[in-house]
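Undergrad: Could you have a look at this structure, given as structure tokens, before my questions?
The values are calculated or read from the model by the stated rules, or taken from the named source; none is laboratory data. Small disclaimer: the values here were computed from a predicted structure and weren't measured. Positions of Cβ are backbone-derived with ideal geometry, glycine not excepted, and every protein chain shown enters the neighbour counts. Each accessible area value is taken on the protein alone, full model and side chains, heavy atoms only, with ligands, DNA and RNA left out. Shrake-Rupley method; radii C 1.70, N 1.55, O 1.52, S 1.80 Å.
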Amino acid sequence: MRVFRGRAATIEADRAVSDRLLSVAGDGEPAVRVWQPHRQLAFGRRDCRLEGYDTAREIARERGFSPIERGVGGRAVAYDGETTLAFARADPVADFRRGTDERYEKATATLERALAEIGLEPRRGEPPETFCPGTHSLSVATTDSSERKVVGIAQRVRQDAALTAGIVLVEADDEFVGTLEAVYDALGVGFDPETVGSVAGSGGPTDPDTVRATIEAELVGDATATVEPVPDRLESP
């Protein structure tokens, strides 16, 4: 298994690294990456078709989050450049029409183990009107028995490889949550800021690298890993 560590110099170069995972898997070798993306707000394809999209992009830019578009569905997600983690595992596929549910289940179980390892009690699912709503999410209970989302999982499949990826909120301060609230309001999409959780806010570690290393270890599992530092720049395949 190939393990990529680090972050490239720019958002564009960093996205090329994630594309590289799919190329490695397409050649027959699984690949894993857990990292802290640059400060950005990534809009999904559905967001781009909404009347308030241009306004939402400007709000993100004004608040220091570079607006980008990602090539999958779903809704907007934010990365603060420091405490927000992204994770990805690419696997070879023999038939791109099969295995989607199994990959989602494997990723969900893996992230459950990682969160439990750092002291959390994750629950499958998410509260209503949370960020980037989706079927495959993990939440944590608060002291009043409500739930807050800390992990979202998505999948991208091509003919020879599949990328199962997601976001983990290690911390989520008022600025982070306020930016999401303003962006979702501009898009006209329902969003409840009280649904945003975090690892640290649930009693877990505040150090992103501790969380990163735990998730990476669970994604790798028993495989023999070959670690590659992420170069500053990498051409898209």
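Undergrad: If you split all Cα-Cα distances of segment 90-217 into 5 Å bins from zero, what percentages do you get per bin, shortest first?
TA: Going out from 0 Å in 5 Å bins, segment 90-217 shows 2, 11, 20, 20, 19, 14, 9, 5, 1, 0 percent.
Undergrad: Moving to a separate point now. Trypsin sites (Lys or Arg not before Pro) within segment 30-131: which are DSSP loop residues with at most 14 other Cβ atoms inside 10 Å? Walk me through the intermediate numbers first.
TA: Working: sites: 33, 39, 45, 46, 49, 57, 61, 63, 70, 75, 89, 97, 98, 103, 106, 113, 123, 124; in loops: 39, 49, 63, 70, 75, 97, 98.
Here the trypsin sites (Lys or Arg not before Pro) that fit, given the DSSP loop and packing criteria, are 49, 97, 98.
Undergrad: When ligands, DNA and RNA are left out and all protein chains stay put, how many square angstrom of accessible area per residue does segment 127-237 have with a 1.4 Å probe?
TA: Values: 5250 Å² over 111 residues.
Value returned for segment 127-237: 47 Å² of accessible area per residue.
Undergrad: Find how much the distance from residue 51 to residue 146 grows on full extension, using 0.36 nm per residue of separation minus their present alpha carbon separation; answer in nm with one decimal.
TA: In short, 31.0 nm is gained.
Undergrad: Give a quick list of chymotrypsin sites (Phe, Trp or Tyr not before Pro) in segment 91-131 that DSSP marks as loop, anything other than H, G, I, E or B, with at most 13 other Cβ atoms within 10 Å. Present the calculation step by step, with values, prior to reporting the outcome.
TA: Working: sites: 96, 104, 131; in loops: 96, 131.
Answer in residue order: 96.
Undergrad: How high is the relative contact order of segment 147-197? Use alpha-carbon pairs under 8 Å, at least six apart in sequence, and give a whole percent.
TA: For segment 147-197, the relative contact order is 41 percent.
Undergrad: Per DSSP H run of at least 4 residues, take -39500 (n - 2.57); add these up for the chain, divide by its residues and hand me the 222 nm value, nearest 500 deg cm²/dmol.
TA: Only helices count here, giving -10000 deg cm²/dmol.
Undergrad: Are there GluC sites (Glu not before Pro) in segment 83-176 that DSSP puts in a loop and that have at most 14 other Cβ atoms within 10 Å, and which ones?
TA: Answer in residue order: 129.
Undergrad: While we're looking at this one, here's another question. Under the definition of Cα pairs under 8 Å and six or more residues apart, what whole-number percent is the relative contact order of the chain?
TA: About 29 percent, as a whole number.
Undergrad: Shifting gears a bit: Taking amide H atoms as placed 1.01 Å from N in the peptide plane, list the residues 5 or more away in sequence, or in a different chain, whose amide H sits under 5 Å from that of residue 66.
TA: Counting only residues 5 or more places away or on other chains, the set is 40, 41.
Undergrad: Another question, then. Using amide H atoms built in the peptide plane, which far-off residues or other-chain residues are under 5 Å from residue 162 H to H?
TA: Amide H neighbours of residue 162, under 5 Å, 5+ apart: 91, 93.
Undergrad: May I pose another question? Leaving ligands, DNA and RNA out of it, report the carbon-plus-sulfur percent of the accessible area of the chain at a 1.4 Å probe. The partial results should precede the final answer.
TA: Values: 4820 of 11080 Å².
That fraction is 44 percent.
Undergrad: Give me the one-decimal Kirkwood hydrodynamic radius in Å for segment 9-125, with the sum taken over alpha-carbon pairs. Working shown, then result.
TA: Numbers: mean 1/r = 0.0614 Å⁻¹.
Its Kirkwood hydrodynamic radius stands at 16.3 Å.
Undergrad: Between segment 45-82 and segment 155-225, what is the separation of their alpha carbon centroids in Å?
TA: 16
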